[in-house]
Structure formats: structure tokens, C-alpha cells
Amino acid sequence: MEAWDRAVATMKKGETSKFTVPEMYLSGGPDCWRKNLPDDGQDVIFEFELVAVRPITDLFGDGGVIQNLLEESDDYGQSPKTTDEVQIHFITTVKVSDEETAPLVEQGQSVDFRMASPSLNNMLCAKAIHKALLSMKAGTSVRLVCRSDYAAGDQGDEERGVPPKASVVVCLSLLQIYEFDDAGKKASWEENLVVRKAIVPIRNRLCPGWDGTWCKVKIKSVKVGEEEKLGEEMIVNTIVGKGELCDALEAASARMRKGEVALITVKPIPSLHAPGAPDLEISGTANVVYNVEMIDFGNPPPEEGPSDSTDLLEFCKKQKEQGSAHFKSGRIRLAYERYSRVVALTPRYKRPLGSSSSVEVFEDPEERREAEELKKTCRLNLAACALKLDLAYSASRFCDEVLKEEPGNIKALYRRAQGLLGSNDFEEAVRDCKSILELEPTNKDARLLMQKVKQAEKEQLKKQKERFGASLARELA
């Protein structure tokens, strides 16, 4: 009745209040209540307790999908993003009337839902579910009333038992938001080589990192498609970055929390899977999926490295040596990560916490000189790693950084020329070779590389002639 609407609108959740209502406001409402009201003009006293407030939302603003909140979560985490993957529970029924629904159409318990591509989830009302999930938190439940154009349309869905032009009701719960992490990119490798999906996520920022933390890892399974490649579970006690795990699991373990279980999806590049446990021979084009649990790990060192500049310099020297050992043993990506770490830890300046001005990282002139020399060596080594990994552009950029400070560095010029050759930038590659020969006229490697560049240019021009014709090839030359 009108009095109830006016009274409840002034209340807060959990409040209990009494309202004195004049006869003029006692209209409307259920018959079972009105028949007990006095008819002699007396005021009536109602006592209300506001138990819950459930928002009703028009998700698309056109009345097509109406959302009722059934259960609000106490979770203070974030809602899913459009790039996330989530786990949901849903029950779908056909709406008969406002109070009645037909038998079950669809049901899913612990179903994975890809936010990036809702239409590919092969699910009724996927667009409405996607929209609702964007504002939900783990543990939240809602009821969605979806008009036919957001459900099975005018034609209906005979296979699912949805009549033409029928509205559909979806009871939806968000169970968890999977944590995704490009572990390879975090290790300074290429994107999407090693992607970690935490299926038992742990709310803790602490992870082992790459700087020598002991950890205990359980490899539960390894699958290529539906084929299981691991005979039985393996438990490995190791130090992250030492190389006892394969490159892919080294990168993933560095990012995992204690108690976390994750699916690690890895590109089928043999050097990512061996050497190192579980030491598998991988062929074909299908991605490899490792099921891994981080059982335990020690106390990781500070992410920013030692606070004392002398200790920091010694730490960086050891990391460079470790990278060189990996390079010599053919573990190029592990070497790449260590050299990148040294470069990141040795900037010229830093800004102390709470300060508005920058200061020298290494105040002692001798330490500063050693740090700059170490950083230059690591950049040159990164260029060598990049060339091994066919990352020609990256190799050139590392050399650019060295040549800014030392334009006549022979090694940087040579490796940049190699990178430029790999990028088909023949003119610049020849220019670098000539610069080397001006500095060292007897440098045989530079002469051979220049010949190789000119030969590659001729071969490319020949291919262009075959493909585009002689006239266009002349324009491109």
C-alpha cells in the first residue's frame, strides 16, 4: 500500500521503526491485510524491520535484461575485467509469468566463462551474463530476467526447450575470478610464451621471484591436448632461476603464491620444456598445459635488491655470472632474464620513497664506474641472447643503448648490424659494418657480415621481382 512505500523509503538496512498512518494512506496493498484494517477512520500503527535491500538494475537500459540482487558478497576484491576468465554457477529456466517459471533449461556448476568472447561460451543469454558479471564480485548471486531478444530470439531454441519469443530467467553466481599472468613477459621474454592461470588463487602478494629463493613445487600433470605426458606426479625442491626446472616452469614458479595451484599454458617451443624438470620432448603445434602446485618457498629477498650500494653491486655481479653460466649451457632465456634483472637494478639515479628529487644510486665514483660497465656488458649480452632467440629488433635496441654512451663500441656495432640484417634493414646494417671497418680495417668478421648483408639484399630483390614484377622491384630497391 502507499503507506508502506512511503515508510520503507525512509529506512536503512537493519532498522526497525514504527509508523503511524492516517486512514487516507491506507489504500492499496494485499487484500489479506486490508480486511483487517479499521473502517472507523482511526490511525493505524505499523512496525517495520528493513531486513534487506536488493537493487534492481536495467542492465542495458532498454528493459531487455532486469537484474535482481539475490546475495551480496563480502568480498572486497575487484569485479571481472573484459580480459578475465571466471568460474560461474547458473540455472536457466523459461519465464511463464512474474511468479512462475517453467522447468529447467540449462544448468552449469563450476563452469568457466571467458569474458573476452561471451558468444564463444555456447551458453543461452551469454550477452546478459557477461554484462552482469562485469559488476559482480566473487560470492555474489543475481537473478536475470532476459527478454527474448537477449535469450533465444523470436525463433526460440527447440534443442534447449525454449519456445519462440520466450523470456528466460537466469540465476547466476560468480564463484571465482581466475588470476591470469603472463609469466614469460614478467621475465622479460616475448608475450604469451608462458601464461599462468591460478585455479586455486591465493590472496598474498608474496612470491619467490628470481633472486635465489628456495621453493618446493609439485608438477601434477602435463597435457598436450587430451594426451597426458607425465607418468606420475613430481615434487621438485629447487632454487628459482637455477635451472633445475624447465624454462617455462622457472618463469611460472617465480610468480606463484604459497599454496597456489595453477595451469601453465606454454607454447610448443622445445627449449621451453627441456632441459629441466619434467624434461619432456615436445613436438607439434599444440600448446602444453602444466598443472602445478606451489607447496612452499623461503623468504624472498627485496624486489629492489640490497639497499646498500656496495652489496647491490656485488649482487648484480653474481647475477651477471649466473646469466653467463646459463648462456654457456644453452639456457638462453634464463640468461636473458638475469641480464635484464641486472640492467633494471643499476639505473644511474633513483628517487627515494617520499622524496621529490632523485639521487645517485652509486655515490662512490668507482662503484658508479663499475655499475655502468656492468650494465653495458649485460646489454651487449642481452643483444647476443636476442640474436639467439631470433629477436632481431630487440638486439638492435640493446646495442643502441650502448652506442649512445660509446659510439665506437665494436661489439655493439657488430651485433646491431646482425640485428638489422635480421630485420631486413640492409642499408643500416652496411653502414654499421663500414663504421667497424673504419675503426678496425682488418676486422674480418665485419667484412664477412657486410658480404652476407649484400647477398641477402640481392636475394630479397630477386624475390620481389618474381612476386611483383621488375618495375615495382626497382621502386622498392
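Rule-based calculations on the coordinates, nothing more; no lab input. Everything numeric in this text was worked out from a predicted model, so none of it was measured. Neighbour counts run over all protein chains shown; Cβ positions are idealised from the backbone, glycine included.
Miscellaneous remarks
- Between Asn122 and Lys13, the FRET efficiency estimated from the beta carbon spacing at R0 = 35 angstrom works out to 0.35.
- Each Lys and Arg contributes +1 and each Asp and Glu -1, all at the Cβ; summed about the Cα centre of region 2-49, the dipole is approximately 240 debye.
- Per-residue ellipticity at 222 nm computed for the chain from its helices equals -10500 deg cm²/dmol, with DSSP H segments shorter than 4 residues left out and the rest contributing -39,500 (n - 2.57).
- As computed over the chain, the Cα convex hull volume per residue (Å³): 276
- 13 Å beta-carbon shell around Asp75, net charge (K/R +1, D/E -1): -1
- In terms of surrounding Cβ atoms within a 10 Å radius of their Cβ, Met24, Met136, Met11 rank from fewest to most as Met24, Met11, Met136.
- Positive-end residue, region 2-49 charge dipole about Cα centroid, Cβ charges, pick of Cys32, Ala7, Gln42: Ala7
- Sites matching GluC sites (Glu not before Pro) across region 112-221 that sit in DSSP coil, with at most 10 neighbouring C-beta atoms within 10 Å: Glu158, Glu159, Glu191
- Taking the Cα centre of region 309-466 as origin and assigning +1 to Lys and Arg Cβ atoms and -1 to Asp and Glu Cβ atoms, the resulting dipole is close to 720 debye.
- Separation of region 75-129 from region 342-385 is 51 Å, based on Cα centroids.
- Loop-located trypsin sites (Lys or Arg not before Pro) in region 124-166 whose Cβ has at most 15 other Cβ within 10 Å (DSSP): Arg160, Lys165
- Using 0.36 nm per residue and subtracting the Cα-Cα separation, the extra length available between Asp75 and Ile56 on full extension is 4.8 nm.
- Region 170-212: trypsin sites (Lys or Arg not before Pro) in DSSP coil with no more than 13 other Cβ atoms inside 10 Å: Arg203, Arg205
- Neighbours of Asp364 by Cβ distance under 12 Å: Lys/Arg scored +1, Asp/Glu scored -1, total -4.
- Pairs of Lys residues in region 56-177 are counted when their Cα atoms are under 19 angstrom apart and they lie 8 or more places apart or on different chains; the count is 7.
- Modelled spin-label separation between Asp31 and Glu226, with each label point placed 7 Å from Cα along the Cα-to-Cβ direction: 6.0 nm.
- Charged-residue dipole, Cβ positions (Lys, Arg, Asp, Glu), the chain about Cα centre, Debye nearest 20: 2400
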